[in-house]
Amino acid sequence: MKVTLLALTLNEIEGVKVILPQIDPSWVDQILVIDGGSTDGTIEWVKDNGYDVYIQKRSGIRYAYFEALDLLDGDIIVTISPDGNCAPEFIPALIDQIRKGDDLVIGSRYLGEAKSEDDDAITAFGNWMFTRIVNILHGGKYTDALVIYRAFRKNLIYQLDLHRGDAYELPERLFGTTISWEPLMSVRASKAGKKVSELPVGEPPRIGGERKLQVFRWGAAFLFQFARELWFWRKPKTNHPSMVRR
């Protein structure tokens, strides 16, 4: 199976200069940078150093994913934020776990002795609370349901209907924000009985740039999603016809 590494950037020039060179090209078949419209030189540096970059037409993290769908060559997708929070040395282990048969592997910040060096009191409590809610409402066994650092089979996107806007549009309108698909992926993977595992990778401190986290708006939108998923989505009877597992 081919592997695509998907790196999401927005004004992360300090991070990409450190993190992207640490990624051994032999680990993956494609490295694709999706940029949300950086103005700090991130796009220019990425291009000058030979990485493929796509600049989003619409702002917001879920549109980064949506617009990248037709550009993904891999059967396995690894998603990272190259701001320092995702330690690249764990990429081969995440990929290996998918090759062994998992559908989704999460790079957990909290499993076992792993810890986040980037959390503050609010984000630490929020990550714990949201993960706990996913586990209680949807039968998950996660220690970290929200993190971007993960690997998954590309067909999982379609099997879980993550590419459809109707899962996001109402909470986004209600709370005036644009949310990502990681929490919903965790919920629906659990509901669908997918094979999910976690690896303890921790979270190093951010290298530079600014946090894009909208604590209260994203938190409210995710809570709304978690509650609505109790009745909104059911496991499809058949897989997406164009995305059959090889």
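The values are calculated or read from the model by the stated rules, or taken from the named source; none is laboratory data. Just so you know, these numbers come straight off a predicted model, no measurement behind them. Cβ sites come from the backbone with ideal geometry, for glycine too, and all protein chains shown count toward neighbours. These accessible areas exclude ligands, DNA and RNA; they are computed on the full protein's heavy atoms, side chains included. Shrake-Rupley method; radii C 1.70, N 1.55, O 1.52, S 1.80 Å.
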Filter segment 110-128 for residues that are outside any loop (DSSP other than H, G, I, E, B) and without any contact (Cβ under 8 Å) to a residue 60 or more places away in the chain; which is farthest from the chain's Cα centre (by Cα)?
Ala121
So for segment 201-219 (the condition being under 21 Å from Trp128 (Cβ atoms), open to solvent by less than 50 Å² (accessible area, probe 1.4 Å) and in a strand (DSSP E or B)), does at least one residue qualify?
yes
Give the residue that is least open to solvent (accessible area, probe 1.4 Å), with candidates limited to residues of segment 95-128 that are of a type outside the set (Val, Ile, Thr), touching a Ser or Thr at 6+ places or on another chain (Cβ under 8 Å) and over 19 Å from Phe222 (Cβ atoms).
Asp102
Give the residue, chosen from Ile91, Ile133, that is touching a residue at least 60 places away in the same chain (Cβ under 8 Å) and open to solvent by 10 Å² or more (accessible area, probe 1.4 Å).
Ile133
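Yes or no: Gly60 touching a Ser or Thr at 6+ places or on another chain (Cβ under 6 Å), at pLDDT below 95 and not aliphatic (A, V, I, L, M)?
Working: touching a Ser or Thr at 6+ places or on another chain (Cβ under 6 Å): yes; at pLDDT below 95: yes; not aliphatic (A, V, I, L, M): yes.
Taking the combined requirement at face value, the residue satisfies it.
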Considering only segment 145-159, I want to know if a residue exists there that is more than 30 Å from Lys17 (Cα to Cα), of a type in the set (A, V, I, L, M, F, W, C) and more than 17 Å from the chain's Cα centre (by Cα).
no
How many residues, within segment 7-34, are in contact with a Ser or Thr (Cβ under 8 Å, 6 or more places away or on another chain), at pLDDT 95 or above and of a type in the set (Asp, Glu)?
1
